[in-house]
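Asks: Structure in C-alpha cells, see below.
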Amino acid sequence: MIDSPSAITRRALLRDDTFPERAEALGFSFHSPDGREYWARDACYALTPEAIAALEAAARELNGMIGAAVERVVARGDYHAFGFTPRLAALVEESHRLGEPSLYGRFDFRLDPDGSIKLYEFNAETPAALLEAATVQLAWFEETPPGPLTRPGTDQWNAIDNALVARWPQMGLPPVIHFAAERDREDEIAQVAYLMATARAAGHEAVFLPVDDISWQEGAGFVTPEGVPLAACFKLYPWDWLDMEEGGRLLPLGRTRWIEPARRMLHASKAILVTLWEMFPRHPLLLPASLDRAAIDGPAIGKPALGLEGWGMTVDGTGADESTEAAEGLPPSPTIWQQWAPLPGHATPKGVAYPVMGVWMVGDEPAGLGIREGDDRVTTFEDCFVPHVIL
C-alpha cells in the first residue's frame, strides 16, 4: 500500500493531432485503425514515483512466484487445467527441461488510486502493445514540450528498448534469427519489425517471413520458402494455434529454437493463477483463483485458460453480468475463475475510462510500463493506448 492520496491520475491534455503521424516514422502506422483512435491524443496517466516503485517490485516478486508455480506444475505433470494436448504438454516439458531462455513478457495489473496492486494475468508468450510502450510513448515524452496541458511530469518508466537490446546476446541464439507474424496483421508486423531492430542492434541478422510461409523439408526441418532452415525463429503466433494445425505433428521433430519457447505456455496460461493461489493463499498481490466457480466468494470472472486479447471472458455475480465475444476457431480450454476486482474508473469528458497497467518484463527484470484503457471493465484488443509520466 502506498501512502498517497492518488497513486495514479488521468490528466486531460491539449489534443495533439500531429504526434500520431510523426510516430509513423517509428513504424507506428496503426494509430487510427478503421477511424478509431487507438493512440490517446488528449490524455496521459500521471503516476507517483512510489507507484512506479511498487509496480516494479510487484512484477519482480510475482515473476519469482510464477517460476515456483511452474516448477510445481511440471513436477505434478498434470496439465488438464492448462488445456494442453498431450503433444503440446510434451513440448512444454522438454522446453522446461532444457531451460530455454525467454525474451519478454507483460504483467497486467490493477492499480488502485490508493496504491494497492493486484495481478490479473501474465502475458508470457505473445504479448501485444510492445512497440507503443517501448518507443512511441517514449518519443511522445521526449518530443512533446513540457507543461500541465501538453506533457506533465518529469520522467517516464521506460527502459524497454535498452533492455531488449541487452537481452538478445544472453539468449544463446545463432547469428541469423527469423521473425514470423501473420501477414494481414499490421500491428503484429510492426511489433515484429521493432523486435527485429533490437536484434540487429545487438548484432544479429534479422529476417522477416509471414508465419504461413514456414514449411517443412525432410532432413532440414522447418524452412523458409527458399529452403533456408530456421535455426532460430521469433514467432508472434501462439503455440496452441500451431499445435492444432496440420503441421503441428511436426513440431516435436523440428530443430528450430523458437522464441518464445514452449515452456512459456505454462506462464501464459490462466491456469497458473490457480496454482499461484494454492501456493500463496491470501498473498496481497493475488486474487483468489480456481477451476471451481463455487470456490470463489462473490462475483468472479471466468477466463479461458488459453484465452488472449480479452476474448471469451464471462463476468458472473455482479447483478449486471456480461461476457466478451469468443474468438472462433481457437482451441477449447478450461475456464479459470478469478475473483472479480474491477478496474478503477477515471473520469473523462466522454464518460469513464478503465486503465490496466502493463508492466513489461525483459528476461527476469521489469523494464517499463504501458497503459491501455477502455470504456468497460474488461480490457480487450479494441481499447486504446495512453502514455504515462512520472510526477
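Asks: Using a 10 Å cut-off on Cβ atoms, rank the peptides 312-320, 363-371 from the highest mean neighbour count down. Display every interim value, and only then the final one.
Replies: On the way: 312-320: 14.4, 363-371: 22.1.
Output ranking for 312-320, 363-371: 363-371, 312-320.
Asks: Next up: What value does the range 140-233 have for Rg/Rh, both radii from Cα atoms and Rh as Kirkwood defines it? Don't skip to the answer; put the middle values down first.
Replies: Numbers: Rg = 18.0 Å, Rh = 15.7 Å.
Result for the range 140-233 is an Rg/Rh of 1.15.
Asks: Moving on. List the lysines whose alpha-carbon lies under 28 Å from that of Lys303, not counting same-chain residues fewer than 8 positions away?
Replies: Lys118, Lys235, Lys270
Asks: Can you find, among Leu287, Ile259, Pro342, the residue farthest towards the positive end of the dipole of the range 238-386? Put +1 on the C-beta of Lys and Arg, -1 on that of Asp and Glu.
Replies: Ile259
Asks: So, one more: Take each of the peptides 289-296, 352-359, average the number of other beta-carbon atoms within 10 Å over its residues, and list them starting from the highest. Walk me through the numbers before you get to the answer.
Replies: Numbers: 289-296: 15.1, 352-359: 22.1.
Order by mean packing, descending: 352-359, 289-296.
Asks: How much of the DSSP bridge set in the chain is antiparallel, in percent, rounded to the nearest 5? Before the final figure, lay out each step's value.
Replies: On the way: 51 of 67 bridges.
Bridges in the chain are about 75 percent antiparallel.
Asks: Please get the size of the charge dipole for the range 147-259, origin at its Cα centre, with Cβ charges of +1 on Lys and Arg and -1 on Asp and Glu, quoted in debye to the nearest 20.
Replies: Details: 9 positive and 16 negative charges, 107 e Å.
Roughly 520 debye, rounded to the nearest 20.
Asks: Just name one of Gly370, Leu230, Ile52: the one whose Cα is farthest towards the positive end of the charge dipole of the chain (beta-carbon charges, Lys/Arg +1, Asp/Glu -1).
Replies: Value: Ile52.
Asks: What whole number of Å gives the distance from the Cα centroid of the range 65-89 to the Cα centroid of the range 184-247?
Replies: Cα centroid to Cα centroid, the span is 26 Å.
Asks: Work out how far the C-alpha atoms of the range 10-158 reach from end to end along every principal axis, then list the three figures in whole Å, largest first.
Replies: So the extents along the principal axes, rounded to whole Å, are 55, 36, 23.
Asks: Compare the Cα positions of Ile189, Gln170, Ile214 along the charge dipole of the chain (+1 at Cβ of Lys, Arg; -1 at Cβ of Asp, Glu; about the Cα centre) and return the one farthest towards the positive end.
Replies: Gln170
Asks: With +1 on each Lys and Arg Cβ and -1 on each Asp and Glu Cβ, and nothing else charged, work out how big the dipole of the chain is about its Cα centre, in Debye to the nearest 20. Before the final figure, lay out the partial values.
Replies: Working: 32 positive and 57 negative charges, 170 e Å.
Computed about the Cα centre, the dipole is about 820 debye.
Asks: Relative contact order for the chain: what is it in percent, counting Cα pairs under 8 Å that are at least 6 residues apart?
Replies: 24 percent
Asks: Grab every C-alpha pair in the range 212-258, bin the distances at 10 angstrom width from 0 up to the longest one, and report whole percents.
Replies: 27, 64, 9
Asks: Per residue Cα convex hull volume for the range 191-307, in cubic angstrom?
Replies: On the way: hull volume 18.7 nm³, N = 117.
Spelled out: Cα convex hull of the range 191-307, divided by residues, is 160 Å³.
Asks: Over the Cα atoms, compute the radius of gyration (one decimal) and Dmax (the largest Cα-Cα distance, rounded to a whole number) for the range 117-273, in Å.
Replies: Expressed in Å, the Cα Rg and Dmax of the range 117-273 come to 17.9, 62.
Asks: Can you say what percent of the DSSP beta bridges in the range 173-251, counting only those with both residues inside, are antiparallel? Round to 5. All intermediate terms of the calculation are to be shown ahead of the outcome.
Replies: Numbers: 4 of 13 bridges.
Rounded to the nearest five, the antiparallel share is 30 percent.
Asks: Packing-wise, with mean Cβ within 10 Å as the measure, how do 69-75, 59-65, 194-200 rank, highest first? Before the final figure, lay out each step's value.
Replies: Details: 69-75: 16.3, 59-65: 18.3, 194-200: 21.1.
Ranked by mean Cβ neighbours within 10 Å, highest first: 194-200, 59-65, 69-75.
Asks: Given +1 on the Cβ of Lys and Arg, -1 on the Cβ of Asp and Glu, and no further charges, what dipole in debye does the range 101-142 carry about its Cα centre, rounded to the nearest 20? Could you put the intermediate results ahead of the total?
Replies: Values: 3 positive and 7 negative charges, 16 e Å.
My answer is approximately 80 debye.
Laboratory data are not the source of any read-out in this text; all were calculated from the coordinates shown. The shown structure was predicted, so the numbers you read here are calculated from the model rather than taken from an experiment. Cβ atoms come from the backbone with ideal geometry, glycine included; neighbour counts cover every protein chain shown.
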